[in-house]
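One structure is given below, encoded as structure tokens.
The values are calculated or read from the model by the stated rules, or taken from the named source; none is laboratory data. Everything quoted here is computed from the prediction, not taken from an experiment. Reconstructed Cβ throughout: ideal geometry from the backbone, glycine too, with neighbour counts over all protein chains shown. Note: accessible area is taken over every heavy atom of the protein model, side chains too, but ligands, DNA and RNA are not part of it. Shrake-Rupley method; radii C 1.70, N 1.55, O 1.52, S 1.80 Å.
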Amino acid sequence: MKTLIRFATLAAALSFGAAAARAQERAAFPILVPLTGALALEGQSERNGALLAFAERQAQQKVELTKTLFAHPVLDTGSNPEIAVQAFERAVAESPKPRAMLGPIDGNSMLALLPLAARENVALLAVSGTARLTELGNTHIFRFFPSDVVVKAAQVRYAVEELRRRKAAIVYQNTAYGQSGNEELGRWVEALGAKVVYRNSVPVTTKGLSGVIAQVRDSGADVVLLQLHSGSSALFVQQAARAGLGLPIVGGSALHQPSTAALLEPAELKGVCAETASAPAADPALGGFAKRFRDRFKSEPDAFALAAYDAVNAAFQVWHDRKPLPEALAGATIKGLAMTYKSDGKGNMAQDAIIVCYDGASRTPTIAKRYARPHEAARR
């Protein structure tokens, strides 16, 4: 009987040891984001959304028997493709080798990382809107922010169908993001029977847009469509208000950011709208997420933060699937906070968009219109 008891005790100890080993599984899940450079505001939001997801995962796992301990180093990609590649190479050289990464928000850096993700069999999670990212046949990218194909359809539909505007001026950044948005904006303006009467690109380093604004006025445009990063978006809105342009502005997702609005006076935002995937600071349905974000980071959340949060949690949901992580994500349907995510076969996981507008009295916008798959409706 004593022998049996000793064997039982040994078996229990071995079983406990195996469970403890499972409980101590280590995994790497790097966060690659621009914390310096032209896209630092967007990158900080992306980072913070991801960090909130990791913090909540860690708190949840304290009550679980088995858990994965995620190392999530934050690597600055500097809004620069070369720096992004260096960050990626540093991340995959560490042990354990990562199975997933959150990639930078800028399209040029993401384009540089795509072949590396395929080479290393790493699921590359994205919140970048650059359309081309998912048009290259790469099976390792998963975009949790609507692509420009989706949000530009919503942006133009709102300008044409809701504001009843027919002559558009398009001002866009001379980056992959700007060029992608420019192409899609022009395509949807024509598809909806309106006309582009002015088009111009500006560098991210531009500090004065008065000449561009004068050209917009002279073009006879009745609406301005922006595809600019945060700093340039704020600059255009501010200088347009001071010049008395007097045209409605429907901007890209950078204009929905609380950090962009903070650069402007509420009165300068009057008549300004923007497309985005979500608006956590303005949507009562996302109040819980917004409060947790504010409590942790002492700042307002935006759609980039929520997309990163949803992307990281999506990877958590399929982490222990028997399939390789890219295959598991490709076949999953995942309910996130912003929307339900499912790949279209190319890695585009997000298909919905909203329009938010400012009333001129507050820096917090209201949701003016919700669009489910606006790019499909616009094609019919």
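Within segment 197-217, track down each residue that is of a type outside the set (Ser, Thr, Tyr) and in a strand (DSSP E or B).
Answer for segment 197-217, where residues must be of a type outside the set (Ser, Thr, Tyr) and in a strand (DSSP E or B): 197, 199, 200, 202.
Within segment 106-116, which residues are crowded, with 24+ Cβ neighbours inside 10 Å and at pLDDT 95 or above?
109, 110, 113
So residue 136 ticks every box in (1) within 23 Å of residue 226 (Cβ to Cβ); (2) of a type outside the set (Gly, Ala, Ser); (3) more than 14 Å from the chain's Cα centre (by Cα) but one. Which box is left unticked?
Answer for residue 136: the failing condition is (1).
Restricting to segment 287-319, and then to whatever is without any contact (Cβ under 8 Å) to a residue 40 or more places away in the chain and under 20 Å from residue 125 (Cβ atoms), can you tell me which residue is surrounded by the fewest Cβ atoms within 10 Å (Cβ to Cβ)?
This residue is 317.
Out of (1) modelled with pLDDT of 95 or more; (2) part of a helix (DSSP H, G or I); (3) under 30 Å from residue 248 (Cβ atoms); (4) of a type outside the set (A, V, I, L, M), the odd one out for residue 145 is which?
Of the numbered conditions (1) modelled with pLDDT of 95 or more; (2) part of a helix (DSSP H, G or I); (3) under 30 Å from residue 248 (Cβ atoms); (4) of a type outside the set (A, V, I, L, M), the odd one out for residue 145 is (2).
Of everything in segment 250-270 that's touching a Gly at 6+ places or on another chain (Cβ under 7 Å) and open to solvent by 10 Å² or more (accessible area, probe 1.4 Å), which residue is farthest from residue 351 (Cα to Cα)?
Only one residue fits best here, namely 267.
Residue-by-condition table, conditions (1) touching a His at 6+ places or on another chain (Cβ under 6 Å); (2) farther than 28 Å from residue 41 by Cβ; (3) modelled with pLDDT of 95 or more:
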| residue | (1), (2), (3) |
| --- | --- |
| 316 | no, no, yes |
| 322 | no, yes, no |
| 331 | no, yes, yes |
| 342 | no, yes, yes |
| 345 | no, yes, yes |
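Taking the criterion of being within 23 Å of residue 313 (Cβ to Cβ), open to solvent by less than 30 Å² (accessible area, probe 1.4 Å), at pLDDT 95 or above and part of a loop (DSSP other than H, G, I, E, B), would at least one residue in segment 47-69 satisfy it?
No - not one qualifying residue is present in segment 47-69.
Check 245, 264 and return the single one that is within 25 Å of the chain's Cα centre (by Cα) and over 21 Å from residue 147 (Cβ atoms).
Of the residues listed, the single one that is within 25 Å of the chain's Cα centre (by Cα) and over 21 Å from residue 147 (Cβ atoms) is 264.
Condition first: assigned to a loop (DSSP other than H, G, I, E, B) and polar (S, T, N, Q). Now tell me which residues in segment 92-109 satisfy that.
Residue satisfying the conditions is 95 alone.
If I filter segment 146-161 for residues that are touching a Cys at 6+ places or on another chain (Cβ under 7 Å) and either open to solvent by less than 60 Å² (accessible area, probe 1.4 Å) or acidic (Asp, Glu) (or both), do I get at least one hit?
Yes, some residue in segment 146-161 is touching a Cys at 6+ places or on another chain (Cβ under 7 Å) and either open to solvent by less than 60 Å² (accessible area, probe 1.4 Å) or acidic (Asp, Glu) (or both).
Please go through (1) surrounded by fewer than 24 Cβ atoms within 10 Å (Cβ to Cβ); (2) within 30 Å of residue 223 (Cα to Cα); (3) β-branched (Val, Ile, Thr) for residue 276 and return the number of the only condition it doesn't satisfy.
(1)
Restricting to segment 174-196, count the residues that are open to solvent by 20 Å² or more (accessible area, probe 1.4 Å), hydrophobic (A, V, I, L, M, F, W, C) and part of a helix (DSSP H, G or I).
Residues flagged as open to solvent by 20 Å² or more (accessible area, probe 1.4 Å), hydrophobic (A, V, I, L, M, F, W, C) and part of a helix (DSSP H, G or I) within segment 174-196 amount to 1.
If residue 136 satisfies every condition in (1) surrounded by fewer than 24 Cβ atoms within 10 Å (Cβ to Cβ); (2) in a helix (DSSP H, G or I) but one, which is the exception?
Failing condition for residue 136: (2).
Residue by residue, here is whether (1) within 22 Å of residue 183 (Cα to Cα); (2) aliphatic (A, V, I, L, M); (3) in contact with a strand residue (DSSP E or B) (Cβ under 9 Å, 6 or more places away or on another chain) holds:
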residue	(1), (2), (3)
216	yes, yes, yes
221	yes, yes, yes
236	yes, no, yes
254	yes, yes, yes
267	no, yes, no
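Using beta carbons and a limit of 8 Å, which pairs, at least six apart or on different chains, have the first residue in segment 185-212 and touching a residue at least 40 places away in the same chain (Cβ under 8 Å) and the second one part of a helix (DSSP H, G or I) and open to solvent by 30 Å² or more (accessible area, probe 1.4 Å)?
Here the result reads 188/157; 191/379; 192/157; 192/161; 204/231, each pair linking segment 185-212 to a residue that is part of a helix (DSSP H, G or I) and open to solvent by 30 Å² or more (accessible area, probe 1.4 Å).
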